[in-house]
1. Given 81, 309, 99, which one lies farthest toward the positive end of the charge dipole of the chain, if we put +1 on the Cβ of every Lys and Arg and -1 on the Cβ of every Asp and Glu?
2. For region 145-281, with only Lys/Arg (+1) and Asp/Glu (-1) charged at the beta-carbon, what is the dipole magnitude about the Cα centre, in debye rounded to 20?
3. Taking a cut-off of 16 Å, what percent of all Cα-Cα pairs in region 58-121 are separated by more than that?
4. Please list, ordered by chain and number, the residues whose modelled amide H lies under 5 Å from the amide H of residue 551; skip anything fewer than 5 residues away on the same chain.
5. Where in region 442-524 are there GluC sites (Glu not before Pro) that are in a DSSP coil and have at most 11 other Cβ atoms within 10 angstrom of their Cβ?
6. Beyond 18 Å, what share of the Cα-Cα pairs of region 255-322 is found? Please give it as a whole percent.
7. Probe 1.4 Å, all protein chains in place: accessible area of residue 365 in Å², nearest 10?
8. Given an 8 Å cut-off on Cα distances and at least 6 residues of separation, report the relative contact order of the chain as a percent.
Amino acid sequence: MSDGGHVWWEDAVVYEVYPRSFADADGDGVGDLRGLRSRLGYLADLGVDAIWLTPFYPSPLADGGYDVSDYCAVDPLLGTVADFDALVSGAAAHQIRVIIDLVPNHCSSAHPLFRAALAAAPGSDERARFIFRDGRGPGGGQPPNNWPSQFGGPAWTRVTEADGHPGQWYLHLYDASQPDWNWHHPDVPALFEDVIRFWLDRGVAGLRVDVAHGILKDPGLPDLTGPQPLNAPSAYRHRPELQPLFRSWRAILDSYPAEGFPGPRTAVGEVWYDVPETLAPYLEPGGLPQVFNFQLILAGWRAADFRTAIDSALAVTGGSRAPWVIGNHDVARPASRYRLDEGFTPQTVSRLIALGDRNAEAGARRARAAALVLLALPGSAYIYQGEELGLPEVTDIPDDARQDPRFFRTKGEYPGRDGCRVPLPWSAAGTGFGFSRTGQGSSPAEPWLPQPSDWGRYSVESQLADEHSTVNLYRSALRLRRDHPALGRGAPGLDALRWLGPDEDGLLCFAREPGFVLAANLGPAPVSLPAHRDVLLASGPVADGSLPPDTAVWLCT
């Protein structure tokens, strides 16, 4: 589909891999790069164009690998740089590109440069690479400002100086183990330019930029005043200084040859926003090729909400520069989240725990329908591992097995993201349901996060044997998406699709040319199907010209 002046990332379907939870080749209970490489055939058969690897770098794992201690190496738990090279080569043999996670907002407190900063004196160049400040109040005992950590509590931690006395404070918008870099210091952008080139030279096709909206802070570090809408522009979100930085990165990406495989290099920013219009500066020419569009994660299970989400995103992004997603490694899984009729909020997992087993079947149906909406939209789409299996959020992880720092920093008020990171089930039975394999004859270890006892019914093995399974729905959808001339990139902006009929009865319906209609029933009662010639694909049973609740269908007109 990438011809006529378009490039591959404008219409690609990208599969997000959380390496520790995808496949374990050495039987230690932790996923690794060799395990991922062994499953490339599965991903090729699924029909994806690229994979995005969340961090695989050396890390103390205080935040699932997003606390990086070395940006140009592979964590020994996951393999070696040679294993990474073999993965890129193996993926290319299947025509699958590799996108890696760049984590530029913060590093690990174990990073050598931060350790050097702790050992150095206040005012030193070592400390200037991070954001150290004297405290306020008597003896400097209060944080330098009132900024909160995204994981709960204040965004500042006080250090003990070399003489044993309490000293300065350092900024961490996330966990205390993740000090923020000071991007106003020239060493920091220079460091990351080297990191970007290191991985591009190894054949990666692009970058996913973590916390792309929060890298630069107001140097004055002012207190927050008044109400603070979630993800609205502020002293540490959506700073105008970001765009020159991203233009410099775009120049690096564009300096690599566009001919041949993997083609033009890309970058997609993780940019959480209050309203879609906040994305506009990121989409100016010469900046990041793409930024994520989270509107479908934030939308409730109502046709009007989905239509508003789609229209508002297309009006600002045009479609191809803002990939669509319904989930990722940071939010509750769609098959559980849609049980609530509401979009994702920080309280979603707590609400799911309180809900118990209710509405589970409806959530599973809705996730299948949402997948067909996602893959029918213009532009590119990202799938998070396990969505193609219909995996639910795991809500009953024992407290002593949890890993997410948000759980600990909020004293359990927010259960965090462990429930969407539980290792995948590959087989219907066995230790780890086939997640771990070992060729030494010894039994594989239990997975690093506990799997539910019924995980086998969601396994790849079970679902490939069932023509009506969720994985086979995804395989069929991706095959049709690749072949149908109406699907994929589409026209830019609001011209990319044409809405059909009102959505008062719960029907979400749009046409794309030539000859394609998406109809999804997000309401409580059956609705009539629009006029059509054939049913191409349906997320559930469709008969007698009627579309049941929580069902979507692709039609040929």
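The values are calculated or read from the model by the stated rules, or taken from the named source; none is laboratory data. If you're wondering where the values come from, they're calculated on a predicted model, not measured in any experiment. Cβ: placed from backbone, ideal geometry, glycine included. Neighbour counts: every protein chain shown. These accessible areas exclude ligands, DNA and RNA; they are computed on the full protein's heavy atoms, side chains included. Shrake-Rupley method; radii C 1.70, N 1.55, O 1.52, S 1.80 Å.
1. The one lying farthest along the dipole's positive direction is 309.
2. My answer is approximately 260 debye.
3. 55
4. Sorted by chain and number, the residues that satisfy this are 521.
5. Loop-located and lightly packed - 467, 504.
6. Working: 980 of 2278 pairs.
Everything past 18 Å amounts to 43 percent.
7. For residue 365, the solvent-accessible surface is approximately 100 Å².
8. On the way: 1197 pairs, mean separation 79.2, N = 557.
Contact order relative to length: 14 percent.
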